[in-house]
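Everything below concerns the one structure shown next.
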Amino acid sequence: MEPYRIKVVEPILFTTRQQREEALRRVNYNLFDLRAEEVTIDLLTDSGTGALSAAQLAAGMAGDESYSGSRSFYRFHETVTELTGYAHILPAHQGRAAERVLFTTLLERGNLVLSNTHFDTTRANVELNEAEARDLPCPEAKNLDSTEPFKGNIDLEALAQTLSGPEGSRVAVVVMTITNNGGGGQPVSMDNLKRTAALCRQHGVPLFLDAARFAENAWLVTRHEEGYRDRTPRQVAEEAFRLADGCMMSAKKDGIVHIGGFIGTNDPELAQKCELLLIATEGFATYGGLAGRDLDMMAQGLTEVTEPSYLAERAEIASHLAHRVRAAGVDIVEPPGMHALYLNAGRLLPHIPPHQYPGHALACQLYLEGGIRSAELGSLYLGEEDEHGNPIKSAPYELVRLALPRRVYTRSHYDHVGETLAKIANYADQVYGFRITDQSPILRHFRATLVPVPITG
């Protein structure tokens with residue numbers, strides 16, 4: 001059962017199917033543009049959507065709002081330093097701010113950034129600095145049905161070949177995302193991280209963690225990796241941070257806060273450059289665009305998140321939803337992670353071609369049928385078309401992510417998700433695709449407008 005009691009509740013508004021149909025038309029079939037009150041179960045993201053603990057709220061009430069050198073900063077700084085071991089810690093208002101500051105400082109035009117998988121904003125921040133973001137997922141990640149426990153690993157052979165090959169001089173940094181969000185929420189093993197760190201040291205390339213879900217990665221390591229089963233999640237997390245040269249983190253995930261993040265590094269020169277850019281664009285170095293109360297709540301959340309009881313329940317709720325989804329006849333990326341489940345929309349809707357976005361089609365149907373908001377991770381997110389709408393590049397898989405907010409929904413809420421998917425599976429061949437009518441050159445899935453494509457034949 002959940003290792004907490006519910007102290008404050010928020011009502012959920014229930015809409016009719018007609019209301020949801022009208023809402024989808026109004027927002028041009030882009031789920032990001034729905035008003036929150038039009039959504040019954042919101043699984044769009046786990047970023048900044050968790051429920052605060054009583055201890056976090058209490059810490060926030062004691063926040064010091066001094067512009068410089070607040071006690072809130074020093075509590076935050078001490079907590080993060082003890083966790084990560086990094087010599088230099090800079091707060092930022094969220095993960096993508098940390099990415100922007102770090103990459104703007106670290107990258108030059110033509111550089112290459114290697115990763116197990118870049119997520120959308122990480123890739124965008126690399127490309128905005130005119131560098132190339134290249135993914136090197138491990139071979140096991142290609143089999144969505146495999147239950148291999150560490151499918152978030154980087155491909156060590158490809159990494160070694162790139163670092164030692166003709167493009168090696170272009171590599172500015174290697175980014176290891178834990179857990180691998182773009183790769184189906186799969187964890188990275190400590191063995192893979194150690195080997196990656198050794199390769200990076202050998203070639204003089206810094207290794208940074210995208211540590212948004214470091215605690216969930218640590219929990220899965222303690223469950224599945226030999227040599228770590230007797231470790232606590234906190235011990236595994238501390239070791240992971242110390243294998244890398246630095247990190248960037250969105251604390252809106254495993255900090256269990258609504259806003260916040262940070263950069264950590266052992267490089268004093270890099271830290272100084274990042275600090276100057278942070279001051280110019282985010283805020284002074286002891287608040288980084290955050291209120292003092294946010295720093296205090298982040299410090300408390302970073303302490304709570306490695307508690308075994310919290311992580312065990314988080315894993316169990318994901319397992320519960322996975323069971324309901326499989327029972328509905330819908331395949332997922334196996335094994336289920338902790339922060340999200342990834343539905344195999346391409347397999348459920350084989351009649352919809354990639355350039356008509358089967359993932360987005362399933363996401364829209366989830367909203368129409370059950371008021372559930374989710375996120376497409378398929379060809380709308382990763383694909384490209386020419387000016388006439390003809391496909392140039394499709395995503396390797398057509399997925400829908402059901403992100404699980406922390407301490408927000410109960411099992412009965414997730415039962416509703418399973419029941420909704422079961423209904424859709426019964427008429428899957430009648431689900432229609434979509435066509436883009438307008439899009440932006442980067443991160444198009446956030447702002448694209450679409451129209452349905454009727455089923456023919």
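The values are calculated or read from the model by the stated rules, or taken from the named source; none is laboratory data. Bear in mind that the values here come from a model prediction, so they are computed numbers and not experimental data. Here Cβ is always computed from backbone atoms with ideal geometry, including for glycine, and neighbour counts include all displayed protein chains. What goes into the accessible areas is simple: the full protein's heavy atoms, side chains included, and nothing from ligands, DNA or RNA. Shrake-Rupley method; radii C 1.70, N 1.55, O 1.52, S 1.80 Å.
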Matching residues, the stretch 291-307, being assigned to a loop (DSSP other than H, G, I, E, B) and under 21 Å from the mean Cα position of the chain (by Cα): Val305, Thr306, Glu307
Only one of Thr81, Thr121, Thr104 that is free of Cβ contacts under 8 Å to residues at least 40 places away in the same chain and either in a helix (DSSP H, G or I) or surrounded by fewer than 23 Cβ atoms within 10 Å (Cβ to Cβ) (or both): Thr81
Qualifying residue in the stretch 107-118 (condition: among the basic types (Lys, Arg) and outside any strand (DSSP E or B)): yes
Complete set of residues in the stretch 128-168 that are touching an Asp or Glu at 6+ places or on another chain (Cβ under 9 Å), part of a helix (DSSP H, G or I) and open to solvent by less than 30 Å² (accessible area, probe 1.4 Å): Ala141
Residues located in the stretch 432-457, provided they are within 19 Å of His388 (Cβ to Cβ) and of a type in the set (A, V, I, L, M): Ile436, Ala448, Leu450, Val451, Val453
Residues located in the stretch 324-345, provided they are under 30 Å from Ser250 (Cα atoms), touching a helix residue (DSSP H, G or I) at 6+ places or on another chain (Cβ under 6 Å) and open to solvent by 10 Å² or more (accessible area, probe 1.4 Å): Arg324, Asp331, Pro336
Of the criteria (1) open to solvent by less than 20 Å² (accessible area, probe 1.4 Å); (2) farther than 20 Å from Glu307 by Cβ; (3) assigned to a helix (DSSP H, G or I); (4) not charged (D, E, K, R), which one Ala285 fails: (3)
Test: residue in the stretch 406-429 that is farther than 24 Å from Phe14 by Cβ and crowded, with 16+ Cβ neighbours inside 10 Å: yes
Candidate set: the stretch 328-347, residues that are part of a helix (DSSP H, G or I) and either among the aromatic types (Phe, Trp, Tyr) or in contact with a strand residue (DSSP E or B) (Cβ under 9 Å, 6 or more places away or on another chain) (or both); chosen: the one nearest to Ala403 (Cα to Cα): Ala345
Options His93, His88; residue that is modelled with pLDDT of 95 or more, more than 18 Å from the chain's Cα centre (by Cα) and either of a type in the set (Phe, Trp, Tyr) or open to solvent by 20 Å² or more (accessible area, probe 1.4 Å) (or both): His88
Every residue from the stretch 348-363 that is in contact (Cβ under 8 Å) with a residue 60 or more places away in the chain and either in a loop (DSSP other than H, G, I, E, B) or within 19 Å of Ile332 (Cβ to Cβ) (or both): Leu348, Leu349, His351, Ile352, Pro353, Tyr357, Pro358, His360, Ala361, Leu362, Ala363
Counted residues, the stretch 412-437 - those being without any contact (Cβ under 8 Å) to a residue 12 or more places away in the chain and either within 28 Å of the chain's Cα centre (by Cα) or in a strand (DSSP E or B) (or both): 1
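Conditions tested, residue by residue: (1) within 27 Å of Thr265 (Cβ to Cβ); (2) touching a Ser or Thr at 6+ places or on another chain (Cβ under 7 Å); (3) assigned to a loop (DSSP other than H, G, I, E, B).
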residue	(1), (2), (3)
Met1	no, no, yes
Val8	no, no, yes
Pro11	no, no, yes
Phe14	no, yes, yes
Glu37	no, no, no
Asp64	yes, yes, yes
Pro91	yes, no, no
Ala97	yes, no, no
Condition met for Ser66 (at pLDDT 95 or above, open to solvent by 10 Å² or more (accessible area, probe 1.4 Å) and touching a Gly at 6+ places or on another chain (Cβ under 8 Å)): yes
